[in-house]
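Written below as structure tokens is the structure these notes are about.
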Amino acid sequence: KIVARRVERGLLVSDAIYVNGITLDRARYVLNSDQRAFGVRVRWRGSSTANPLEYETISLYLQTGSTLDRPLSDMRTETASGEWDTLCDGTFSTVLRTISVAPKSGGWADLVVREVTVDEAHEQGKSGCTRVRSERSIKHYKLIHNGTGYVVPEELSQD
């Protein structure tokens with residue numbers, strides 16, 4: 001028996017990047033005192049060898065009557081990208097984001113996003129292909145419910 005539904009036409013359409021997988025995230029996203037959301041993760045992949053790109057987005061859904069609301073839309077949780085000569089020389093970046101729920105006493109919980117970025121450069125040398133630079137940075141974001149949903153800052157939806 002179908003208890004709730006939501007139709008989102010054109011959601012998985014893209015040009016040169018294709019859907020590589022869809023999974024349900026069954027973590028306990030308790031967003032307010034009486035509702036728990038579930039996540040849908042979509043993996044995307046580019047088709048360029050010289051400019052590799054792969055990323056994952058998450059959207060959170062919760063049931064309201066016979067419909068599904070989407071309080072969080074298409075936040076990137078992982079991104080791996082780069083530009084290289086297909087042999088060795090190039091730069092690569094990996095971004096990993098985790099979401100935790102910061103419960104409140106009444107109202108909607110805040111979502112805390114922890115982001116770890118690793119940027120690397122590789123060069124061909126006398127001893128072969130070597131990593132010549134690796135930098136790691138950490139950032140934190142707080143997403144606050146605005147009455148209709150969580151606003152995803154641009155830097156969390158695109159890289």
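The values are calculated or read from the model by the stated rules, or taken from the named source; none is laboratory data. No experiment lies behind these values; they were computed from the predicted model shown. No Cβ is skipped: glycine too gets one built from the backbone with ideal geometry, and neighbour counts run over all protein chains shown. Just the protein is used for accessible areas: all its heavy atoms, side chains included, with ligands, DNA and RNA removed. Shrake-Rupley method; radii C 1.70, N 1.55, O 1.52, S 1.80 Å.
Take the conditions assigned to a loop (DSSP other than H, G, I, E, B) and closer than 28 Å to Arg26 by Cα and apply them to Thr148. Does it pass?
Yes; evaluated as a whole, the condition is true for this residue.
Given (1) among the charged types (D, E, K, R); (2) surrounded by fewer than 15 Cβ atoms within 10 Å (Cβ to Cβ); (3) outside any loop (DSSP other than H, G, I, E, B), identify the lone condition not met by Glu8.
Failing condition for Glu8: (3).
Run Thr148 past the list (1) open to solvent by 40 Å² or more (accessible area, probe 1.4 Å); (2) over 16 Å from Asp74 (Cβ atoms) and report the number of the one that doesn't hold.
(2)
Could you list, in sequence order, all residues of the stretch 56-112 that are part of a loop (DSSP other than H, G, I, E, B) and not charged (D, E, K, R)?
Answer for the stretch 56-112, where residues must be part of a loop (DSSP other than H, G, I, E, B) and not charged (D, E, K, R): Gly65, Ser66, Thr86, Leu87, Cys88, Pro103, Ser105, Gly106, Gly107, Trp108, Ala109.
Of everything in the stretch 21-36 that's open to solvent by less than 30 Å² (accessible area, probe 1.4 Å) and closer than 17 Å to His145 by Cα, which residue is farthest from the chain's Cα centre (by Cα)? First the steps, then the outcome.
First, pick out the residues of the stretch 21-36 that are open to solvent by less than 30 Å² (accessible area, probe 1.4 Å): 21, 25, 29, 31-32.
Restricting the remaining residues to those that are closer than 17 Å to His145 by Cα gives 29, 31-32.
Details: Tyr29: 16, Leu31: 18, Asn32: 22 Å.
Among them, the one singled out is Asn32.
Is it the case, given these coordinates, that Glu120 is under 30 Å from Gln35 (Cα atoms) and either crowded, with 16+ Cβ neighbours inside 10 Å or aliphatic (A, V, I, L, M) (or both)?
Values: under 30 Å from Gln35 (Cα atoms): no; either crowded, with 16+ Cβ neighbours inside 10 Å or aliphatic (A, V, I, L, M) (or both): yes.
So Glu120 fails the test.
I'm checking my understanding of the structure. Among residues of the stretch 37-69 that are of a type in the set (Gly, Ala, Ser) and in contact with a Leu (Cβ under 7 Å, 6 or more places away or on another chain), which one is surrounded by the fewest Cβ atoms within 10 Å (Cβ to Cβ)?
Applying the filter and picking the extreme gives Gly46.
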